[in-house]
Structures are given as C-alpha cells and as structure tokens.
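Undergrad: Handing you a structure now.
The values are calculated or read from the model by the stated rules, or taken from the named source; none is laboratory data. These numbers were taken from a predicted model, which means no experiment stands behind them. Cβ atoms come from the backbone with ideal geometry, glycine included; neighbour counts cover every protein chain shown. Remember, those area values only see protein heavy atoms, side chains included, never the ligands or the DNA or RNA. Shrake-Rupley method; radii C 1.70, N 1.55, O 1.52, S 1.80 Å.
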Amino acid sequence: MRHSAPRLGMIGASALAVVALLVGAVGYAIHQDESRQVHATRFAELRVVGDLKADQVVDWRLDRIEEVAIGSAVAFRGVDLAAFVDDRADAALRAELGRRLEAVRGGRSFEGAFLAAPDGRLLLSLDPAVTELDPEAQQLAAQVAGSREPTMGDFVRVGSSGRVYIDVAAPILDASGRPTAVLLLRIDPGTYLFPMLQSWPTPSESAETLLVRRDGDSVLFLNSPRDRDDPPLTVSFPLSRTDNPAVAAVLGRTGEYEGPDYRGIAVLADLRSIPGTPWFMLAEVKAAELLAEVDARGRTILLLGLLVVIVIGGAMALGLSLRQSSLRQRLLTSERDRAAAGHLYERVLANGRDIFALLDPSGRIVDANAAAVAAYGYSRDELLQLNVRDLRAPETLPALEQHWQAAARPGGLLVETVHVRKDGSTFPVEISSRAIDIDGELHHQSFVRDITERKRAEQTLQAERDRAQRYLDIAGALLVGISPDGTITLINKAGCELLGYPQEELIGRDWFDLVIPERERDSTRAVFAGLMSGDLEPLEYFENSVIARNGDERVVSWHNALLRDAAGAVAGTLSSGEDITERKQAEAEILRLNEELEQRVRERTAKLEAANKELETFSYSVSHDLRAPLRAISGFAEILGRRYRDNLDEKGRHYVDTIVTSSEHMGILIEELLDFSRLGRSMVRAGPVPLGPLVAGLRATFGPRIAAAGATLEVIEPLAVPVGDPTLIERILANLVENALTYRRPDVAPHVTLSATRHGRSVTLAVADNGIGIPAEYREKIFEVFARLHTDREYPGTGIGLSIVRKAARLMGSDVTLESSEGVGTTFSLELPAADKGSTEA
Amino acid sequence: MTSLSHTARILLVDDNASDVELALDAFGEVRLANHVDVARSGSEALDRLFGRSRRPHGGRDPLPDLILLDLKMPGIDGFEVLRQVKAAPILRRIPVVILTSSREEGDRAMSYDTGANSYLVKPVSFEGMLEIVRKIAGYWLTINVGPPPPDDDDEAPP
C-alpha cells in the first residue's frame, strides 16, 4: 500500500501534467481567439463612431453655410449696401444695417457677425470693440467675394485672447450678381462642435474623437485631447513623427490604425478625412483598455484551467477524507472565483468614468462604484440601501418594468432616461444594462452615463435648427429649396401658406409636377435645368405661376441661388420668391383702365371731328347760299342804278345806291367771316419764316393806300426769324397794318412801325401805330368777332380783323397783346419761338 | 384753230338763273364778238359737249372755245363735268375756267387737280362781274392761243 501509493502518485502526477498541458493549450487558443474578437469588435465600434462623428461634423458645417447663405440672400434686401460700402458716415444706414446684422446673428447662435467689403476690409461689426478683421477673416471674405459661393473658414486662434473661432461667409450680391459686400458669421466651436466631438456613444474610459489638420510641416490638434488641459489649436507635432495616428491621418492614411499615439501610448484608431474641409478625424481608444478586457478574460480562462487541473489532481490523489477535502476544495473554488470576479469589478469600479451599479433580481443596488457616489450624491452605504426605482425620475418609472425585461433579453438594453440625485435634481442618462447570472440569480449590471453634455449639445443643435426654421418662417419671402432632381428639400412657412399644404406634404415631392401649371411646366423645368447645368446665371430673375392646393393660381417672382455640396457640385437651388399676383392684377387693371380711357378719348375725338365737319359743311353752304342772292341784289341794283338812273328821282337814286353799298358791305362781311372760320382748318405748319418777303408783299398790297393817306410804313431792320406758319403770320401782319392805317388820327399822318426782335429763344413781332388808341376798358372786347368801337361812318370795318389776328396767333400757340394810350397810339405784339441762328434772313 | 376772225363760242354752265342773267348781261355790255351758250345743269352741259342733245336740224353742237363752269350744282356737279371733259380726248384741250362763289382751299385744289385751267371767284358787285367778263374775253378769247382742233383719231368719244 505504501509502495503502491508513490507509484500510483507518479502515474497520477504524469497524467495530471498531461491534463494540465492540454487544458493550458486549449486555454491559450481560446484566449487568442478572444483577443482577436475583442480587436475586431473594437475596430468595428471605432469605425461606426467615426462615421457618426464625421457625419455630424459635415452636417454641422453645411447647416452653418446654409444659414449664412440664407442670411446673405435675404437679410439685406432693400438696403443701399453699396452706398454704405462707399461711405460709412451715414448713421441711419449704419443703424439699419446693424439691426439686420443682429437679426441674422440670431441671439446666441453665432458669437459674432460682421459685414466686410469685397476686399476684406471691415465695414460693420456688432461688437464695437472690433475695428479690424483678422487676416484669416479678411482672406475668407475676399475669397467668397471672388467665388460668389458661401463657405466655411478654418479654425482660427486669436493670439491675444486665446479664443478659437470659425467663420462662415457668404457674398451679398446686387441685382446684377456682383458682390457688394460679404456677410461673416462667427462660430464658437466650444458651444456645440467640441462637446459633440467629445461625447462617446458607448461606455469607454479612454475613447475620444480628435480633429486635426496639417499646418505646414506639422499636424495641429483642433480640439483638446481628453486627458490634457491644453486649449484647442495649441498641440502640434512635426510630420516627421510618423509613428503617430494624427500624422498618418494628415498624410492620407484612412481606416484602422494600431500603434502608439502622440503620448507614446498604444491606441486603436479609425482615421478619415472630413469631406469639403482640410480636417481629418481620429476616433481612438487606448489599447490598454482593450488589453485589460482581454487580460481579464485570459485570467478567467487561466483560473478555470487551474481549477480543472486541481480538481482532477485532487480527485486522483486524494481518496481519503474525500468529503472534507471536497468541502475545502469547494470553499477554495468559490473563494477564488469570487476573487476573480471581484478583481474585474474592482477595475471598473475604481477607474470607470461611467457609473456602474449591480442590481439584484428585486432591483436593489448590491454594488456601485465611486462614479455613482459622485453622480448621485449618496454615500456608498446609502446607495446599497436603495432600489433602482429610487434613482429614476418619477416620470420615467412607468417605463422601468419594460426596460427591466429588455435588459434580460440577449443583447441587453441601451436606453436613455432620466435619473434623480439625492438632492432631487435630475440629469439625463444613457443606460447600458444586461442580465448576468450570479450564484444562480439573475442580476443586472448597469453602466450609466451622464449625458447632460450630449443632451445640451443636441438641444443647442435643435435650437439652432429651430432658429433657422423660424428665421425662414418669419422671412416675408417664400423660400424654397429644390434638389437637382426637382424635389422640394426645404420650404418655409410663407411657402406652405401660399401653396396651402403642410410642410411635410411638400418636402420630397416634385416641385414642378405638384405646383407648376401644366402650360408652364416644361419652360420652368428648362430654366431649372439651365441653373443645374450652369448654363444660366444664378440670381437670375424669374417669374412663373404656381397652383395652390385649392386650385388658386398665384404669380411669383423668384431670385435663384445655387446651393453646392461639400465637393462644390451643384446640390440644388435656393429660391426666394414674392407673391406678385396682386401687383400683376393691379398692373393689368391699370392697363385695362388706360385702354378704356383711350377708347373713350377716341370716341370723343371722333364725335368732335364729326361735329366739326358738320360745322364746316354748314358754314360752307351758308356762305355759298348767302352769296348767291346777295349777288343778285347787288348786281341788279347796280344795273338799275346805271341803266335806269335817269328814270329815277333823287330819292330813288339814293335808295338804289344804298342797296348797292350795303350789299357790297355784306359781301365783305360774309367773306371775312368765312375767312375767320377757315383759319386753322388746314394744318398749321411750323417752320422758320423769313419776314423779308412777307413785308415786301405787304408793301405791294398796301402801297396805294399808304400813298393816298400820306402814311409811312417803317420796318426796323434786322428782322429776326420766328418759327410759325407763314400764312398765319402774313394774315396777322396784314390785319394789323390794315388796322393801323384805318384807325388813324384825322390830323396826323399815319406812321406804322413793324419790328421783329429776338429775346433769347423767342421773337417778338410788333406793329405799332400813332393812331387814336384804344380805351383800356375795350382792350379785350376788340378781339371779339364783329366787335366795333366806332360807326362805319367814322371808321369803316367789319370787326373781324383783330379776331382773325388773335385766332391766328393762338393757332401757333401764342397770343396777341397790346399796349395803347388814347390819342398817342397802339402797339400790338405777339411772341413766337426763334428759329436757329443758322436760318436767319436769307 | 381758233382765230380772231371767227366768233368765239363760250359754254356757260351754271344752275343759278340770276347769276346766268347777270353774266349774260355783262357779256352783252362789253360788246365783244362772241357767242354764249348756257347749260343750266351739269347733265345738260355733258349732253351738249358729247353731242347727245337734240337739235332741230339734227347736227351736233359745235364744240365751245371756252367753258365757264360753276362748281356747286345739284346732281352732276362742276367737278364731275370737269372730270369727264378732261377724260375725253375730244374735249380735254378746251380751256375750262371755273367761276364759282367758293374760295375754299379744298375746292381750289380739287379743281386744279382735275385739270381746270383757271379759277375765278364770282364778285358780289356787277362792276366786278363786268371786270371779269372783260378780262376773260381779253385773255382767253384774244391773247391766249388756243389748242388745235382734235385729231381725227380722237374724233370718236370713248
């Protein structure tokens, strides 16, 4: 027994060694496999997070660019910006621009807002302390003024204050598409961008996202690394340090990276570039965190292996006191198992940034880490008295039961909810929870992350989105964004109201099919295609009709601006429109009224012409018909007076003579009356009228009368050349000379003076006499037809001469005036336009 | 060929009896060797000129050396007579003197456009009428050299 025992022991020991080796090999294989799996899982996670963060950065950037584009296109309408660029002294204009700039800045969304000249010179800043733009901002302004496309600048660190900002800029174009000024909006990346980059969607101690760019021959960190206090844009490394994920990223490497980081600490990272920017993003996690997990699993496997060996060895070696042994062994196993588990927890509990809690089946907290103590404000002992219900905000309790069950299912639970601290304050959390079996009981292990920061960032983002939407909504203009395929991507409240659809029924629909009337659809689509292909200039004015849901047709005038994606390709149009239906209707109404008015004028004119024609016919026939009997009276009376004179006594002869002279007088009256009515029936001509020939004609006509009366006709040379109708002027002068010769003073030889003198651009024609003069009270009456101041015996005449003079003068747009004093003489004059210097007396 | 030896023929066309009587009286008073035929309407004038009027011995009226034409007449007016005279090869060379009471520009223009050779306005006084008759006889029938008689080709009315 004693001999056999050692031999048996030898065999047993050998067998045990073999078993131990086997178990070790299997354990190592499992460990290696686990390690690979952990690597693969971690890289997948990094890639997903990288995608997410890069998308968020791109979205954020495009949103900001869109905001500045809208602001530049809409906010400065109707202000004379060009005048301000030239002269910034106008205080009222400055105040108005300031108000609009403030509206564009929109509360806290942008840190600052500026107007710059196309050359980058600062025109207006909301912050009076800023008197000049940084060189980077000036360059950005000049760049967008040149390209006419809105864009985002790079991170800029102000040396003096250490502040970091990013500017977005867009040109403000005038009606012809030339940049008048540039709108710059300044973003503080600390309000949204940096918190967004820092938040990590899964529990991790060391995971972080870094944004870097190349800066000469070094790589510059744009945000602060997680475990360093350096401000943004202060950490940089030379490109020569190629053993660094940041350097690898800016040199063009993308995808998985495993190696030391800038601190020399081994990391796993996902590398990528941010489209449309010079930025690169690193999503990385310390390899140590990964190794810790692998190690933890490895230690568990090793431990289990040892246990197997020990159990088998024990079973083989010890036959005696099996019961005691077995009891002791079980105790030992249990103790070591717990120690191993305890080790794992310890690590999490001690180091975890995230809250960790272990819940028993009833939901009671059986374990919690320091982060939990810090987060909830309870001591650890207090925490261990609480149920998970006590940590939940009251309004979230109804969902707890469902969450609890979900955590027990494979894959566990990932949910956002609200927790409450000891002091009653609440904070948003993200819970990652799964069920684990501990000593046969279903426990829940929960990682809880305080997502206050993330929520704030999301709210900021939402607030900015809301603000942008509100901005679109309060803009009086319709704003419509259309993608290159013609679908509506954006429409503001004014647009929805005009069309009568809720916003969600418009977004995604084909703009042309839905709202453009069929007759205009093809032409409108063609214009759009022109904009998309670049054949048409943006900002081109365009008018078309749209059909609202209720069938109403409205006319809208549009200004179109192109939207471009990060790569610079045309990504659609942003159009601002104005409903001009009423204006159009008013214009049409005015046109219609004008047309009606013209029609009425035409009708009136036709009637007047008809009436005139009738009057002419009347006067023609009257003259003709009156003259025939007059000729008979006059002719036969004359024959009577000549051939039968001797047969009449004195009285009879007187009667016959009176009949003859009266009928002759009546003949003259009719003749002159016809003359008067005939004036102006033919077209009035207007041309230079040299007076020399006219005066010569007058001398010939009046020669015998002038000689008989012993009169003189003096012509004051030179005679200026008026513009008028030669016939009318001749009639005027003839009648005035006739008048002057007739109304003479009996004892004074008539002296008539005719002159034409130029005064500037007019010529005064005057005929002056030394006759009897005209009493002041008759100076108007004498121009009336048949008006006479004297009997025929005193001065023969018909009373029509001056009426003809006045009518002739008025037909040429002038009038006759007179100056007279009784017993001295009278001067009649009229003014006519002067002919050009060239056409003087020839 | 009109010559001083033969008695000139005048055709006076006027619908107004008084004017005709005064004119004939005036022609009588100036005692010139001429013969005045009177047509008292436009249609009568055309009948005479185109040889359509009936004469006791059946021959046609000899053509006048001068036509004195009033414008305003009922029916066929002076313008129509003038137009037809000037359109007919056989008549168109006969001088036509318009004698009217109208001074209207339109009437004057229309007369000359249609081919009138002279335009006179009837005077109100008989003295004036005598003056005109003297001048007509002196100028148109004495000084003025009239046209040759129509060619044989032109004989037939159109």
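Residues are listed down the side, and each one gets a yes or a no for (1) open to solvent by 80 Å² or more (accessible area, probe 1.4 Å); (2) under 28 Å from B:G128 (Cα atoms):
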residue	(1), (2)
A:K584	no, no
A:I590	yes, no
A:E598	yes, no
A:R602	yes, no
A:G635	no, yes
A:E638	no, yes
A:K651	yes, yes
A:V656	no, yes
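Undergrad: Scanning for something in contact (Cβ under 8 Å) with a residue 24 or more places away in the chain and more than 14 Å from chain B (Cβ to nearest Cβ), does the range A:584-591 turn up at least one residue?
TA: Among the residues of the range A:584-591, at least one is in contact (Cβ under 8 Å) with a residue 24 or more places away in the chain and more than 14 Å from chain B (Cβ to nearest Cβ), which makes the answer yes.
Undergrad: Would you say A:P245 is without any contact (Cβ under 8 Å) to a residue 60 or more places away in the chain and in contact with a Leu (Cβ under 8 Å, 6 or more places away or on another chain)?
TA: Considered against the rule, which asks whether it is without any contact (Cβ under 8 Å) to a residue 60 or more places away in the chain and in contact with a Leu (Cβ under 8 Å, 6 or more places away or on another chain), A:P245 comes out as yes.
Undergrad: Then there's this: Between B:N34, B:N16, which is over 26 Å from B:N144 (Cβ atoms), at pLDDT below 90 and not aliphatic (A, V, I, L, M)?
TA: None of the others qualify; the one that does is B:N16.
Undergrad: For the range A:707-725, what are the residues that are in a loop (DSSP other than H, G, I, E, B), of a type outside the set (A, V, I, L, M, F, W, C) and surrounded by fewer than 18 Cβ atoms within 10 Å (Cβ to Cβ)?
TA: A:G710, A:E717, A:P718 - these are the residues of the range A:707-725 that are in a loop (DSSP other than H, G, I, E, B), of a type outside the set (A, V, I, L, M, F, W, C) and surrounded by fewer than 18 Cβ atoms within 10 Å (Cβ to Cβ).
Undergrad: Okay, next question. Just to be sure, is B:A23 more than 13 Å from chain A (Cβ to nearest Cβ), touching a residue at least 12 places away in the same chain (Cβ under 8 Å) and under 16 Å from the mean Cα position of the chain (by Cα)?
TA: So B:A23 does not fit the description; no.
Undergrad: Return yes when A:V570 is away from chain B (no Cβ under 14 Å) and surrounded by 14 or more Cβ atoms within 10 Å (Cβ to Cβ) and no when it is not.
TA: Criteria met by A:V570.
Undergrad: Looking for something away from chain B (no Cβ under 14 Å) and farther than 27 Å from A:E738 by Cα - is there at least one such residue anywhere in the range A:637-647?
TA: Within the range A:637-647, one or more residues are away from chain B (no Cβ under 14 Å) and farther than 27 Å from A:E738 by Cα.
Undergrad: Sticking with this structure for a sec: If you scan the range A:680-706, which residues turn out to be open to solvent by less than 40 Å² (accessible area, probe 1.4 Å) and within 14 Å of another protein chain (Cβ to nearest Cβ)?
TA: First pass over the range A:680-706, keeping only residues open to solvent by less than 40 Å² (accessible area, probe 1.4 Å): A:680, A:687, A:689, A:691-692, A:694-695, A:697-698, A:702-703, A:706.
The one that is open to solvent by less than 40 Å² (accessible area, probe 1.4 Å) and within 14 Å of another protein chain (Cβ to nearest Cβ): A:G680.
Undergrad: If a residue must be open to solvent by 60 Å² or more (accessible area, probe 1.4 Å) and more than 21 Å from A:Q462 (Cβ to Cβ), how many such residues does the range A:44-78 contain?
TA: Residues that pass the stated criteria total 5.
Undergrad: Among the residues of the range A:407-423, which ones are farther than 21 Å from A:L386 by Cβ and open to solvent by less than 50 Å² (accessible area, probe 1.4 Å)?
TA: Once the filter is applied, which keeps residues that are farther than 21 Å from A:L386 by Cβ and open to solvent by less than 50 Å² (accessible area, probe 1.4 Å), the range A:407-423 yields only A:G412.
Undergrad: For the range A:532-578, give me the residue count where each residue is in a strand (DSSP E or B) and not hydrophobic (A, V, I, L, M, F, W, C).
TA: Of all residues in the range A:532-578, those in a strand (DSSP E or B) come to A:541-547, A:553-564, A:570-578.
Then drop every residue that is not not hydrophobic (A, V, I, L, M, F, W, C), which leaves A:541, A:543-545, A:553-554, A:557, A:559-560, A:564, A:572-573, A:575-578.
So the answer is 16.
Undergrad: Just wondering, is there one or more residues in the range B:115-122 that are among the polar types (S, T, N, Q), on the phi < 0 side of the Ramachandran plot and at pLDDT below 90?
TA: First pass over the range B:115-122, keeping only residues among the polar types (S, T, N, Q): B:117-118.
Restricting the remaining residues to those that are on the phi < 0 side of the Ramachandran plot gives B:117-118.
Applying the additional criterion that residues be at pLDDT below 90 yields none.
The answer is no, given that none of the residues of the range B:115-122 is among the polar types (S, T, N, Q), on the phi < 0 side of the Ramachandran plot and at pLDDT below 90.
Undergrad: Is it fair to say A:S677 is buried (at least 17 other Cβ atoms within 10 Å of the Cβ), small (G, A, S) and either in a helix (DSSP H, G or I) or more than 10 Å from every other protein chain (Cβ to nearest Cβ) (or both)?
TA: On the way: buried (at least 17 other Cβ atoms within 10 Å of the Cβ): yes; small (G, A, S): yes; either in a helix (DSSP H, G or I) or more than 10 Å from every other protein chain (Cβ to nearest Cβ) (or both): yes.
Taking the combined requirement at face value, the residue satisfies it.
Undergrad: For the range A:158-233, give me every one of the strands (runs of 3 or more DSSP E) that falls completely inside it and has 1 or more residues that are open to solvent by less than 10 Å² (accessible area, probe 1.4 Å) and under 30 Å from A:Y541 (Cα atoms).
TA: Passing ranges, in order: A:164-173, A:179-187.
Undergrad: Is at least one residue of the range A:220-237 within 21 Å of A:G264 (Cβ to Cβ), of a type in the set (A, V, I, L, M) and in contact with a helix residue (DSSP H, G or I) (Cβ under 8 Å, 6 or more places away or on another chain)?
TA: no
Undergrad: Spot the failing condition for A:I670; the list is (1) of a type in the set (A, V, I, L, M); (2) more than 15 Å from A:T727 (Cβ to Cβ); (3) surrounded by fewer than 18 Cβ atoms within 10 Å (Cβ to Cβ); (4) within 14 Å of another protein chain (Cβ to nearest Cβ), and only one is missed.
TA: All conditions are met except number (3).
Undergrad: Need pairs with beta-carbon distance below 9 Å; first residue more than 10 Å from chain B (Cβ to nearest Cβ) and more than 22 Å from A:M666 (Cβ to Cβ) and within the range A:602-628, second open to solvent by 60 Å² or more (accessible area, probe 1.4 Å) and not in a helix (DSSP H, G or I); sequence gap 6+ or separate chains.
TA: Qualifying pairs under 9 Å: A:N612/A:R681.
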